[in-house]
Amino acid sequence: MSATPQVRVRFAPSPTGPLHIGGVRTALYNYLFARRHGGAFILRIEDTDQSRYVPGAEAYILEALDWLGISPDEGPATGGPFGPYRQSERKSLYWSFAEKLLDAGHAYYAFDTEEELEDMRQKLLKSGQKAAAYNSITRHSMKNSLTLPQAEVQARIRNGEPYVVRIKIPRNEEVKVYDLIRGVVVVNSSTLDDKVLFKSDGMPTYHLANVADDYLMKITHVIRGEEWLPSAPLHVLLYKYLGLEAVMPAFAHLPLILKPEGHGKLSKRDGDRLGFPVFPLNWKDPATGELSAGYRETGWLPMAVLNFLALLGWHPEEGRDIFSLDELIEKFDLSRISKAGAKFDLEKAKWINRQYLAALPPEKLAQELRTQARHAGIEADEAYCLKVVELVRERLNFLTEIWQEARIFFVAPDPLPTEALQSRLKPETPALLNEVLQALARLEVFDSASIDSILHETLARHQQKPAALLPVLRLLLAGSLAGPAVSDMMQVLGKEEVLKRLKKFEVWREKV
Ligand code: GLU
């Protein structure tokens, strides 16, 4: 009995733009599967379509995987025993596969010009055909090595006439795709067309290069998006005709990530509309200059992104939602991937990000706060930042919000929010405030417990409710009604700063 081969999976993006989070999820599932089985995770850049090549896209993909902490074991940057890992650098490897198919009569040369192809399409559409395809019927009336005399075919090739190589799809045969998520998918070959395998520019198409490389790179499992399921029967036929059926990888086609409403694929427009990124990192379109937001730059934590993406289409047995990367690896199982599309749930994603933010060590948050403060022109003290962070951390959805939440600990509200103050002012407020100020000034240990008792005692003495005092205190200290508990805020701000801010009340009253 032969030993089971080592699991080898690949993420095979085309460098045609930024990586959509659907692509990131595909990469993640491949990564998790490889780790789960002690296998290798390979990055292969599928850049045979030169017309769709976008500069910067490959570097973007690498940087995104790196930021997320799921870098490949083999790939264009790392190298590996099966390189090169860019298809454009593997050109010389593909022709022998086309040749083998030609020799066995499973592929043929086609010389049709663009106009001739267009002509055929028009004729077919006019005659009422829904889809105009080059297939087992139409190929007989086109210019190819099945219809032209052999001598002419050879002469055309010798004379350097442009040609493509097409697969000869059989008529009316059942093609079975075994999919680890969907089970057996049976397709009648008459629904397939004679796809181009080799283009006139000397490059293979995706289909041929993909199959050749999966074979050459000893890929054991092809885990990819559902949009490739329609291509899978063609790939199965290619393995068969190339005599590689025995080493054909297993297929797993992942469900789509759907719009939050559940209809249709999640797009950049949905992200723009609902205010969340659909790309891992910021991306500037080199052609249009258009900027798209990334998860990294909008303050999401990489592990939170991995966590919520992992759960879009897959769920382990337990009902919980937070999993470390090691836990995801340990639990990941292709059989628990659902067939149905996964609705993108923004609230859940945010909730997951909050859990990771809350679990961050305070030093990390303090460091981030110092960086953001520096951007605002303030050199913040480390120990002070640590105290501030403890107060604001539970209010954070995103790392990027930390300065916004912490600002009041560095900058006094200026100008004071006049309208809000006026609307919260009760007849008793000035007297209450005055007493509180006196008591605070006398306080020796300026901690939140002592501050709290001062506030409570003052209110009790005057038989007043907190609403007569606290909103105004908040507005004077922070300029808004939101924020941490007033006494906690005061403790961190410190006596001197608190008195300074509260004393502004008198100045303000004189003015209004
Ligand atoms: N190059 C294809 C893409 O851009 C890869 C499809 C596959 O994984 O086979 O998605």
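The values are calculated or read from the model by the stated rules, or taken from the named source; none is laboratory data. Since the model is a prediction, treat every value here as computed from it, not as a measurement. Please note: Cβ atoms are built from the backbone with ideal geometry, for glycine as well, and neighbour counts cover all protein chains shown. Accessible surface areas use protein heavy atoms only, side chains included; no ligands, DNA or RNA. Shrake-Rupley method; radii C 1.70, N 1.55, O 1.52, S 1.80 Å.
General observations
- Counting only helices (runs of 4 or more DSSP H) wholly contained in the range 270-369, the ones carrying 3 or more residues that are open to solvent by less than 10 Å² (accessible area, probe 1.4 Å) occupy 302-310, 346-358.
- Residue in the range 235-264 that is farthest from the ligand (Cβ to nearest atom), counting only those that are out of contact with any helix residue (DSSP H, G or I) (no Cβ under 6 Å at 6 or more places or on another chain), part of a helix (DSSP H, G or I) and hydrophobic (A, V, I, L, M, F, W, C): Ala246
- Verdict on Ile223 being at pLDDT 95 or above, aliphatic (A, V, I, L, M) and within 11 Å of the ligand (Cβ to nearest atom): yes
- Among the residues of the range 31-59, the ones that are open to solvent by 20 Å² or more (accessible area, probe 1.4 Å) and either more than 18 Å from Phe332 (Cβ to Cβ) or near the ligand (Cβ under 10 Å from one of its atoms) (or both) come to 10 in all.
- Residue match in the range 207-226 (condition: open to solvent by 30 Å² or more (accessible area, probe 1.4 Å) and either closer than 23 Å to Tyr134 by Cα or in contact with a Phe, Trp or Tyr (Cβ under 6 Å, 6 or more places away or on another chain) (or both)): no
- Leading residue by the ranking (farthest from the ligand (Cβ to nearest atom)) among those in the range 172-214 that are β-branched (Val, Ile, Thr) and in a loop (DSSP other than H, G, I, E, B): Ile181
- Of all the residues in the range 463-492, those that are among the basic types (Lys, Arg) and within 19 Å of Ala441 (Cα to Cα) number 1.
- Selection from the range 1-30 of residues that are under 30 Å from Pro260 (Cβ atoms), more than 11 Å from the ligand (Cβ to nearest atom) and open to solvent by 20 Å² or more (accessible area, probe 1.4 Å): Pro18
- Filter result (closer than 20 Å to Asp47 by Cα and among the β-branched types (Val, Ile, Thr)) within the range 166-211: Val196, Thr205, Val211
- Residue match in the range 230-239 (condition: touching a residue at least 60 places away in the same chain (Cβ under 8 Å) and in contact with a Ser or Thr (Cβ under 9 Å, 6 or more places away or on another chain)): yes
- Looking across Leu216, Leu258, one residue alone is touching a strand residue (DSSP E or B) at 6+ places or on another chain (Cβ under 6 Å) and touching a residue at least 60 places away in the same chain (Cβ under 8 Å). It is Leu258.
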